[in-house]
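Notes follow the structure.
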Amino acid sequence: MKKLHSWNLSYSQARECQRGLASKVRFTSLKKPPELIAGIDCAFSKDGKKIIAAVVVLKMPDFGLIETTSAVRKVTFPYIPGLLSFREAPVCIAAVEKLKSKPDVFMIDGQGIAHRRRLGLAAHLGLFFDKPTIGCAKSRLIGIYEEPGLQKGAHALLMDKKDTLSTQYEIIGAVLRTRTNVKPVFVSVGNKCLLKDAIEITLACAVKYRLPEPTRLAHQLVSELKLNT
């Protein structure tokens, strides 16, 4: 686990931190299919004062459960659009630090580079983990796209302007249909993989449901933990 920066930052410092870290995200092809994949999701306690993270590690390709961990932290950073990772990443890191297994890939319920400053939660965590990391979000944060086909596996590219002054667009992710005639998910690179890898792994993990198994099961676990937090 890398230690990239302090979490005690002002809002402007946090934005500058994102800009600096975004340039460190690596786009490299996976050398082989993952054997162990970890899903991560977060939830807030009923009073909103604590945040819970759950990690579920599965063995590919049958999704046998290897391990689960969780962590709880006080909320120390307010909700500010675009700065979600400063609110959620510390508790995710705390939960991952408890793992005994070593996942080959992490899948996060959140954005990778599909973010205004190209550093969503999955990209931020991917740099801390220094592992292949995929963002698989249930909704779009930014970008434009054409609706993908209705069949499972259909996808469209998610595009965004390179910067506020640019007229040029760049690919920031994919809008992926994981089930036929069901709403798509939004997939983007977090770190150390290519978009095609992220799409292939997400599809391979979407066996019965709209959400891929790693994040679906992490969501189930964190929802159970929330009831007692």
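The values are calculated or read from the model by the stated rules, or taken from the named source; none is laboratory data. All values derive from a computational prediction rather than experimental measurement. FYI the Cβ positions are ideal-geometry reconstructions off the backbone, even for glycines, and counts take in every protein chain you see.
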Worksheet entry | Qualifying residues in the range 1-47 (those that are in a loop (DSSP other than H, G, I, E, B) and crowded, with 17+ Cβ neighbours inside 10 Å) - the one modelled with the lowest pLDDT | 45
Worksheet item: Checking residue 66 against (1) in a strand (DSSP E or B); (2) in contact with a helix residue (DSSP H, G or I) (Cβ under 9 Å, 6 or more places away or on another chain), which test does it fail?
Response: (2)
Discussion item. Checking residue 223 against (1) of a type outside the set (Lys, Arg); (2) assigned to a helix (DSSP H, G or I); (3) surrounded by 17 or more Cβ atoms within 10 Å (Cβ to Cβ); (4) out of contact with any helix residue (DSSP H, G or I) (no Cβ under 7 Å at 6 or more places or on another chain), only one condition comes out false. Which one?
Written reply: (3)
Worksheet item: Looking at 139, 166, which is the one that is among the small types (Gly, Ala, Ser) and closer than 30 Å to residue 67 by Cβ?
Response: 139
Response to the item:
Restricting the range 61-84 to residues that are out of contact with any strand residue (DSSP E or B) (no Cβ under 9 Å at 6 or more places or on another chain) and without any contact (Cβ under 8 Å) to a residue 60 or more places away in the chain, the one nearest to residue 202 (Cα to Cα) turns out to be 62
Discussion item. Which of the strands (runs of 3 or more DSSP E) found entirely inside the range 94-171 contain at least 2 residues meeting this: touching a residue at least 24 places away in the same chain (Cβ under 8 Å) and crowded, with 24+ Cβ neighbours inside 10 Å?
Written reply: 105-108, 133-137
